[in-house]
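What follows is one structure encoded as structure tokens, with my remarks underneath.
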Amino acid sequence: MMTARGIPPMKPADNVGRRRFSIRWILAAAGIAAFVIVVVWLVFAYVIPDGVADGKADERDGAAAILAAKAAVETRLPDAQSMAFDKVSVVWLGEAPAVCGWVDVDEPQDSFDGPERFVYVDGQVMLEQLDGSDAVKQRWDDACD
């Protein structure tokens, strides 16, 4: 078949240009998807477990700090017949734990009726009965509130 001028008619385009364009987009999308998958894998493999391990270490350190605080209270009150701890919590002051709570001490010379506050920071414990309410209140306000 020929046109009026003797030029063969144009063949319909076979979409080669479009195919190349769509292949580029597919390859780009696949590369981006692979990058995202690697980043997500790294986050789940390294970042999240480190955070969980840090949290578990804080829990263990907090439990050890509570035990040390209770032992320090018992050491400061050697004549106590019994002690009941209540509302004991750990507050982190940077890297160091502070233990705050209440203790009800039963001893022969008990000048306090009912529970009293205690604060344990840097290996030192303060009790209202022995150190005075004002000193413990100030330390409580600094560390526990």
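The values are calculated or read from the model by the stated rules, or taken from the named source; none is laboratory data. What you are looking at is a predicted structure, and each value in this text was computed from that prediction instead of being measured.
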Notebook entry, point to check: Taking into account only those residues within the stretch 121-144 that are of a type in the set (G, A, S) and part of a loop (DSSP other than H, G, I, E, B), which is nearest to the chain's Cα centre (by Cα)?
Noted result: G123
Note to self: Just the residues that are modelled with pLDDT of 85 or more and of a type in the set (S, T, Y), please, taken from the stretch 89-145.
What the structure shows: S89, Y120
